[in-house]
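Have a look at the structure below, then the notes.
The values are calculated or read from the model by the stated rules, or taken from the named source; none is laboratory data. If you're wondering where the values come from, they're calculated on a predicted model, not measured in any experiment. Neighbour counts run over all protein chains shown; Cβ positions are idealised from the backbone, glycine included.
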Amino acid sequence: MQNKHILFVYVNLSSFVKADFEILSESAKVSKYVFKPGSGIIGTGIKLFKQLLFLMFNIWRYDAVYIWFADYHSLLPVLIARIFGKKSFVVIGGYEVARLKNLNYGALCSGIRGFFCVSSIKLSTLNLTVSNYVDRKVKYIAPGSRRHMVPNCVDLAASSNLKSAKEKLILTVGLIENKRSFYLKGIDTFIELSKRLPDYQFIIIGLDRNKLSFLLLDFPENLTILGRVAHAELPDWYQRSKFYCQLSRSESFGVSVAEAMYYGCIPIVMNVGGLPEVVGDMGYLVKRDPEDIAQLISELSQIQTELQPDVSNRVLNCFSREKRSRLIKKFVI
């Protein structure tokens, strides 16, 4: 019986945001509120004013507010919920607590945006952090905040997830549409790696080649660049690929890494952020040295080992939708 009514606030309905909406909808009545940031200060101010009006006239309808990411869109819902005695839950995905000044990445690079994020974290009833790495960062920037780690989940087809024979493919996946995301996701390192392993085919999924043509002037024939691919089409690439590389400079969790592992890819990731938590002892942590990474892959290629079931089982045991659902319902419903 759906007794509670929850306001679900988000900016983009990505696969992991959609998963939480579906989880909550199993046990409560859930209403969506999408916040589309405006252009510039004035545009965003108008959107915030509209959000304020909506909350003032409608907050009484809800038992709780559930917000994906702390940002401009989260502070008013958390504040109004507190004023009216309602509970608020903010999912902290990682951008909120990041600060890479050289790439101008992370909410904390901006004083105003950082204020909105940190204030939201401090005022919310409970912050749901997606990894221990993010949890530690939240504790550091907002020591008195209430939080609990609820790992992200992999939500893919459960049948026939493993292939008996993998192809000589090395894959990376990400939304790469500008120079910042190009370097943030370590695509420069991935390209350099492809030059050192001509016997392997390298695939980049999610890169906008038109926007980033100026960064793609020199790459080898064994590298294929694809644009956005529907989420439902990714399993085919995961199933075919022997290795999955995530060479990011910052990564709070690594959903695509977990997805690739579910389909039996051997994960090779940078030793940053939440990536070590995802791969555990089923993957390989590397430094940003294409030569060393190439040597590692060459050595692993010589080893005849059946890691697929073990890699897949780690994801099933640690990052299943069932586990995330159980924890979310425990704290929110």
Among (1) modelled with pLDDT of 95 or more; (2) surrounded by 16 or more Cβ atoms within 10 Å (Cβ to Cβ); (3) among the small types (Gly, Ala, Ser) - the single one ALA19 does not satisfy: (1)
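Listed here are the residues, each with its yes/no results for (1) polar (S, T, N, Q); (2) closer than 26 Å to ASP292 by Cα; (3) touching a residue at least 12 places away in the same chain (Cβ under 8 Å).
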| residue | (1), (2), (3) |
| --- | --- |
| SER124 | yes, no, yes |
| ASN132 | yes, no, yes |
| ASP135 | no, no, yes |
| ILE225 | no, yes, yes |
Examine the stretch 159-177 for a residue that is at pLDDT 90 or above, assigned by TED's automatic domain parsing to the domain that holds LEU197 and outside any strand (DSSP E or B), and state whether such a residue exists. yes
Considering only the stretch 277-291, I want to know if a residue exists there that is closer than 15 Å to CYS153 by Cα and either surrounded by 22 or more Cβ atoms within 10 Å (Cβ to Cβ) or among the basic types (Lys, Arg) (or both). yes
Does any residue in the stretch 313-328 that is free of Cβ contacts under 8 Å to residues at least 24 places away in the same chain and among the β-branched types (Val, Ile, Thr) come within less than 6 Å, Cβ to Cβ, of a residue that is crowded, with 16+ Cβ neighbours inside 10 Å and assigned to a helix (DSSP H, G or I) six or more places away or on a different chain, and which pairs are these? none
Being assigned by TED's automatic domain parsing to the domain that holds ASP63, surrounded by fewer than 16 Cβ atoms within 10 Å (Cβ to Cβ) and within 23 Å of PHE16 (Cβ to Cβ) narrows it down to one of ASN127, ASN132, so name that one. ASN132
Say whether the condition of being crowded, with 22+ Cβ neighbours inside 10 Å, in a strand (DSSP E or B) and without any contact (Cβ under 8 Å) to a residue 60 or more places away in the chain is met by at least one residue in the stretch 47-66. yes
Conditions (1) surrounded by 15 or more Cβ atoms within 10 Å (Cβ to Cβ); (2) touching a residue at least 40 places away in the same chain (Cβ under 8 Å); (3) over 22 Å from SER15 (Cβ atoms); number of the one not met by ASP188: (2)
Going through the stretch 1-47 one residue at a time, which ones are over 28 Å from GLY254 (Cβ atoms), hydrophobic (A, V, I, L, M, F, W, C) and out of contact with any Pro (no Cβ under 9 Å at 6 or more places or on another chain)? MET1, ALA28, ILE41, ILE42, ILE46
The lone condition TYR200 fails out of (1) among the hydroxyl-bearing types (Ser, Thr, Tyr); (2) without any contact (Cβ under 8 Å) to a residue 40 or more places away in the chain; (3) under 19 Å from GLN295 (Cβ atoms) is (2)
Taking the stretch 213-235, which residues are outside any strand (DSSP E or B) and either modelled with pLDDT of 95 or more or over 27 Å from SER15 (Cα atoms) (or both)? SER213, PHE214, LEU215, LEU216, LEU217, ASP218, PHE219, PRO220, GLU221, ASN222
Here are SER119, SER145: which of them is in a loop (DSSP other than H, G, I, E, B) and over 30 Å from PRO290 (Cβ atoms)? SER145
Name the single residue that is surrounded by the most Cβ atoms within 10 Å (Cβ to Cβ) among those in the stretch 28-46 being at pLDDT below 95 and of a type in the set (S, T, N, Q). THR44
If a residue has to be touching a Leu at 6+ places or on another chain (Cβ under 7 Å) and either of a type in the set (Phe, Trp, Tyr) or free of Cβ contacts under 8 Å to residues at least 12 places away in the same chain (or both) to count, how many in the stretch 70-98 make the cut? 2
Sole miss for LYS329 among (1) assigned to a loop (DSSP other than H, G, I, E, B); (2) surrounded by fewer than 15 Cβ atoms within 10 Å (Cβ to Cβ) is condition (1)
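Does ASP71 satisfy being in the same structural domain as LYS139 (by TED's automatic domain parsing) and more than 22 Å from the chain's Cα centre (by Cα)?
Values: in the same structural domain as LYS139 (by TED's automatic domain parsing): yes; more than 22 Å from the chain's Cα centre (by Cα): no.
Judged against the criteria, ASP71 is not a match.
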